[in-house]
Amino acid sequence: MNIAIVEDEAITALFLKDTFEEFGHNILCMYDNSAEMLEFLNKNRNIDLIFMDIQINGKLDGIDLAYEISIKYPKISIVFITSFKDDETIDRAKIVSPLGYIIKPVVESDLNAILMVVESFKRNRQVVDNNIVEIGPYIYEKESKTVREADEIIYLSKNETIFLAYLIENKNSYISHEQLIMKIWNGESNREVSLRELIYRLRKKMPDLHIKNVPKIGYILAAS
């Protein structure tokens, strides 16, 4: 994993760096303040995990920094490392939904355990991400073949679902009328009108779906 460390105690920061590298992970950056961490993220977004002290330098403490990161970069996981174990601080930290909260002094076994948890979480989330396609305001779930807008299910017919799934599979590529008719109706003749009616119904149900029709070429699901 690609890891960032935000820690104002140099000895702790070096211990974390050495331990993570020993475990085979990449340390992309080490900072003791919020401003430099945010500046780094503006240019580099390939961080998987941030180990965050709560008492750090800068205008934001570790919890406020983690909250801002969670809003801007929701796929970055956060683990807090801190001396604070009072209920008030822990309650503040919960808002960020961290994957761990380690009380100092830090030991290698704690780090190894939390890394295993984070790796498992990311594997499971990748499975979910691979099953979900975002199309503008719509969410298409491949496994269940379900379309949602916000929390509302958009009910599609069997052929509408086949058509949409085929467009998603070939997103940003033109699909000819003949290919669509073959996919939906197994190549039955005289289905051009049926295809136009299907697309009309789908556009009514999903008005923000960007289906572009180019005469004599075909249809394309354009990037929104």
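Tell me which residues, restricted to the range 203-218, are surrounded by fewer than 11 Cβ atoms within 10 Å (Cβ to Cβ) and more than 14 Å from GLY136 (Cα to Cα).
LYS204, VAL214, PRO215, LYS216, listed by residue number.
When residues of the range 77-105 are filtered for being in contact (Cβ under 8 Å) with a residue 60 or more places away in the chain and either assigned to a helix (DSSP H, G or I) or crowded, with 17+ Cβ neighbours inside 10 Å (or both), how many remain?
Number satisfying all stated conditions: 1.
Just give me the residues in the range 106-121 being in contact (Cβ under 8 Å) with a residue 24 or more places away in the chain and not aromatic (Phe, Trp, Tyr), in sequence order.
VAL106, GLU108, LEU111, ASN112, ILE114, LEU115, VAL118, GLU119 - these are the residues of the range 106-121 that are in contact (Cβ under 8 Å) with a residue 24 or more places away in the chain and not aromatic (Phe, Trp, Tyr).
Could you say whether any residue in the range 178-188 is over 28 Å from the mean Cα position of the chain (by Cα), assigned to a helix (DSSP H, G or I), at pLDDT 90 or above and of a type in the set (S, T, N, Q)?
yes
Filter the range 189-217 for residues that are over 16 Å from LEU164 (Cβ atoms) and outside any helix (DSSP H, G or I) and give the result.
SER189, ASN190, ARG191, VAL214, PRO215, LYS216, ILE217, listed by residue number.
Does ILE220 satisfy being touching a Lys or Arg at 6+ places or on another chain (Cβ under 8 Å), closer than 15 Å to ILE162 by Cα and in a helix (DSSP H, G or I)?
Against the criterion (touching a Lys or Arg at 6+ places or on another chain (Cβ under 8 Å), closer than 15 Å to ILE162 by Cα and in a helix (DSSP H, G or I)), ILE220 does not qualify.
Output the residue which, of all residues in the range 121-170 that are assigned to a loop (DSSP other than H, G, I, E, B) and over 19 Å from ILE184 (Cβ atoms), is modelled with the lowest pLDDT.
Among those residues, the one meeting the criterion is ASP151.
Which condition does LYS145 not pass, out of (1) on the phi > 0 side of the Ramachandran plot; (2) in contact with a helix residue (DSSP H, G or I) (Cβ under 6 Å, 6 or more places away or on another chain); (3) in contact (Cβ under 8 Å) with a residue 60 or more places away in the chain, if it passes all the others?
Here LYS145 meets the rest and fails (3).
Being within 21 Å of the chain's Cα centre (by Cα) and buried (at least 17 other Cβ atoms within 10 Å of the Cβ) is the filter here; which residues of the range 41-62 pass it?
Those that are within 21 Å of the chain's Cα centre (by Cα) and buried (at least 17 other Cβ atoms within 10 Å of the Cβ): LEU41, ILE47, ASP48, LEU49, ILE50, PHE51, MET52.
The values are calculated or read from the model by the stated rules, or taken from the named source; none is laboratory data. Computed from a predicted model, the values in this text were never measured in an experiment. Virtual Cβ from ideal backbone geometry, glycine too; neighbours counted across all protein chains shown.
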